[in-house]
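A.B. asks: First the structure, which I've put down as structure tokens, then a few questions once you've had a look.
FYI, it's all coordinate maths here, none of it is from the lab. From a predicted model like this one, the values you see are computed outputs, not experimental measurements. Neighbour counts run over all protein chains shown; Cβ positions are idealised from the backbone, glycine included.
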Amino acid sequence: MAPVEQPPKERPTTPSKIAERIECQYCKRKFNPKAAERHISICKDIKNRPKPPPSKEEVEEKSRLRSPLIARPRSAVRERSDEANLSHINEDLN
């Protein structure tokens, strides 16, 4: 039996469809009215809910405050670990 091809699900791309989406007051996600009705009745009882996505302002503030990463050369890391290994051996010999 050949699989039946289903048309792709329609995404809310028009402004009118986007405007009619309903935001869940518990998780801040947005749904079409039918899905929102199902979702909100379940979401209100969830105890261990993930944090809602950050606002645009929070993302901008975090990226502004983030300092650039400073990379150490691999050789410095290796040298430090080699010294630790050698000091352990030297202590055993004494």
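A.B. asks: Taking N as the number of residues in region 15-69, what value does Rg over Cα atoms divided by 2.2 N^0.38 Å take?
C.D. replies: Taking N as the residue count of region 15-69, the ratio is 1.52.
A.B. asks: Could the peptides 49-59, 18-28 be put in order, highest first, of the mean number of other beta-carbon atoms found within 10 Å of their residues?
C.D. replies: Averaged packing, sorted descending, gives the order 18-28, 49-59.
A.B. asks: Here is a follow-up. Using a basic spin-label model with each label point 7 Å from the Cα along Cα→Cβ, how many nm lie between residue 4 and residue 44?
C.D. replies: Once both label points are built, they end up 3.6 nm from each other.
A.B. asks: Apply the Karplus parameterisation 6.51 cos²θ - 1.76 cosθ + 1.60, with θ equal to phi minus 60°, to every residue of region 41-49 and state each ³J(HN,Hα) to the nearest whole Hz, in sequence, with x for glycine and proline.
C.D. replies: 5, 8, 5, 5, 9, 6, 8, 9, 8
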